[in-house]
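These notes are about the structure you will find just below.
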Amino acid sequence: MKLVCNVEVVNRLHANVNIRSSGKYLKSTLALGKEPKRDKDFFLIHFSSANKSGNKYRIKCIKQVFVKCLNEGKATIRFEEPPHDVCIKSEAIQLKCFLRLLKSCITGDADNSQLSNLSNISVTSVESAPIKMTIRDRSEFPIKGFPRTLEYLYLAGLKICNFRRDILLLSRLVLLDLSNNEIEKFPPEMGRMTSLSELYLSKNNLGLNVSVDWRWLLGPKITKTLKLLDISDNKIKYLPKAIWKLERLVTLKVNNNEISKMPATVGRIQTLRYLDISHNRLESLPCSLLQCRLEHIDISSNNFNFSTQIQLKENNLAAWQLYINSLTHLASKIVLKHKLFYAPNIIPFTLVEFLDNANMCICGNPVVSDEYYVIREFELKDYFRVVVFDNNRNSSIRFECFFCSSKCYIK
């Protein structure tokens, strides 16, 4: 059995002479094998880009196996001779299978059919393992699944209706292109992909259902790695308020959809630089966008016409209604302004959701009330470097403005 993983070999004798390990993991392959004439004499062989001939460790010399972080895909095998600690990082399910077979070798219960002779073991160089795959026809899908070394996967134009769950096993995947398919939903587990940086989902059917399940986009891992999201041409009618949790997002493409209102929380994405919201049904924009340092924004082919109903609402509002509210609102503003940490295990989930959905004042301070707002007009060219708009109108757009104080309202 072979395991493709990242490995660091630590020599315990170095600690006695104050030599620290580099802490650098190398792309490697671990293989379990046996001696040809001695069926009960098992070995572990470690191949890496630095040592292609491989290091051989006798299974009988294993002193201890550390599996405290096994669910995270981490384990350490300690050998008594030589005094090495083999630290492993891999996909959790594969690592568990590998350690299960290793345990059978230690106890002598290993099935000989699962192990090869040492003379027959050969390993494909990790450097030559495929990191990019493009599939142009359904018949080209690999029978044994995608190689776990893939970093770039292109599955565009295949008319796929369901998301292939074996993609979730690609822990190194950086770019995934599923554009021009017929996918309606993604599993929540997609939010746990650890390396995904660019996601192309244009020309699918994500907005076909009335209620869209956005959990796949707001998972604990993908929110920290995703930099480009393309969900254009998907019949989407709204974006989730929690989209601000994509803390490293640089490019957002939601053009050619049916969005009538952008979430006010989008301005909390401080890394956002490119935004395409063309060909939608927008009538105004949230003032939080003015806090983004956008380099390019496309607002063409929308419905930026002034609404009489909204104008009357603004005229009938008193200034104090815009920023004075309950004690909960006042306390929430302090939490958000000073960026205090909060989580469901500290405060009730309803308060967490309340804080997550907070808006922004035109000055950049948090506003937790979205009940009242006024419409004001701003010239986009004064705020953004490149603005794309229709030829028959100027770049002046009306914004939904929230206010944190009377000073901001007077401005």
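The values are calculated or read from the model by the stated rules, or taken from the named source; none is laboratory data. Computed from a prediction, not measured in an experiment: that's the story for all the values here. Ideal geometry is used to build each Cβ from the backbone, glycine not excepted, and the neighbour counts take in all protein chains shown.
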_Tally of residues being touching a strand residue (DSSP E or B) at 6+ places or on another chain (Cβ under 7 Å), touching a residue at least 60 places away in the same chain (Cβ under 8 Å) and not aromatic (Phe, Trp, Tyr) across segment 345-384_ = 10
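How many residues are touching a residue at least 40 places away in the same chain (Cβ under 8 Å) and over 14 Å from residue 85 (Cα atoms) when one looks only at segment 31-46?
Counting residues in segment 31-46 that are touching a residue at least 40 places away in the same chain (Cβ under 8 Å) and over 14 Å from residue 85 (Cα atoms) gives 10.
Conditions tested, residue by residue: (1) in contact (Cβ under 8 Å) with a residue 12 or more places away in the chain; (2) under 19 Å from residue 203 (Cβ atoms); (3) in contact with a strand residue (DSSP E or B) (Cβ under 8 Å, 6 or more places away or on another chain); (4) surrounded by fewer than 22 Cβ atoms within 10 Å (Cβ to Cβ).
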| residue | (1), (2), (3), (4) |
| --- | --- |
| 225 | yes, no, no, yes |
| 251 | yes, yes, yes, yes |
| 285 | yes, no, yes, no |
| 289 | yes, no, yes, no |
*Does segment 99-116 contain any residue that is surrounded by fewer than 18 Cβ atoms within 10 Å (Cβ to Cβ), of a type in the set (Asp, Glu) and either in the same structural domain as residue 77 (by TED's automatic domain parsing) or at pLDDT 75 or above (or both)?*
yes
*Just give me the residues in segment 265-307 being in a loop (DSSP other than H, G, I, E, B) and basic (Lys, Arg), in sequence order.*
273, 281, 293
*Of all residues in segment 230-244 being in a loop (DSSP other than H, G, I, E, B) and of a type in the set (D, E, K, R), which is surrounded by the most Cβ atoms within 10 Å (Cβ to Cβ)?*
233
*asked:* With the structure loaded, tell me whether residue 24 is exposed (fewer than 12 other Cβ atoms within 10 Å of the Cβ), in the same structural domain as residue 95 (by TED's automatic domain parsing), among the basic types (Lys, Arg) and not in a strand (DSSP E or B) or whether it fails that test.
replied: yes
_Among the residues of segment 7-14, are any farther than 16 Å from residue 84 by Cβ, in the same structural domain as residue 103 (by TED's automatic domain parsing) and surrounded by fewer than 18 Cβ atoms within 10 Å (Cβ to Cβ)?_
no
_Criterion first (among the β-branched types (Val, Ile, Thr), at pLDDT 85 or above, more than 28 Å from the chain's Cα centre (by Cα) and surrounded by fewer than 18 Cβ atoms within 10 Å (Cβ to Cβ)) does residue 388 satisfy it?_
yes
*Looking at 47, 43, which one is part of a strand (DSSP E or B), in contact with a helix residue (DSSP H, G or I) (Cβ under 7 Å, 6 or more places away or on another chain) and at pLDDT below 90?*
43
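Can you find a residue that is touching a Pro at 6+ places or on another chain (Cβ under 8 Å), among the aliphatic types (A, V, I, L, M), in a helix (DSSP H, G or I) and modelled with pLDDT under 75 anywhere in segment 123-137?
No, because not a single residue in segment 123-137 is touching a Pro at 6+ places or on another chain (Cβ under 8 Å), among the aliphatic types (A, V, I, L, M), in a helix (DSSP H, G or I) and modelled with pLDDT under 75.
Matching residues to (1) over 29 Å from residue 145 (Cα atoms); (2) in contact with a helix residue (DSSP H, G or I) (Cβ under 7 Å, 6 or more places away or on another chain):
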position: 28; (1), (2): no, yes
position: 31; (1), (2): no, no
position: 54; (1), (2): no, no
position: 57; (1), (2): yes, no
position: 78; (1), (2): yes, no
position: 89; (1), (2): no, no
position: 98; (1), (2): no, no
*Enumeration of residues in segment 191-223 that are over 8 Å from the mean Cα position of the chain (by Cα) and either free of Cβ contacts under 8 Å to residues at least 12 places away in the same chain or closer than 19 Å to residue 73 by Cα (or both)*: 210, 211
*Search result, residues across segment 346-364 that are buried (at least 17 other Cβ atoms within 10 Å of the Cβ) and part of a loop (DSSP other than H, G, I, E, B)*: 358, 362
*With the checklist (1) over 17 Å from residue 155 (Cβ atoms); (2) surrounded by fewer than 17 Cβ atoms within 10 Å (Cβ to Cβ); (3) out of contact with any Phe, Trp or Tyr (no Cβ under 9 Å at 6 or more places or on another chain) in hand, flag the one item residue 205 doesn't pass.*
(1)
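Can you say whether residue 63 is more than 24 Å from the chain's Cα centre (by Cα) and of a type outside the set (A, V, I, L, M, F, W, C), as far as the supplied structure shows?
When the stated conditions are applied, residue 63 passes them.
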*Any idea how many residues of segment 201-244 are at positive phi and out of contact with any Ser or Thr (no Cβ under 8 Å at 6 or more places or on another chain)?*
1
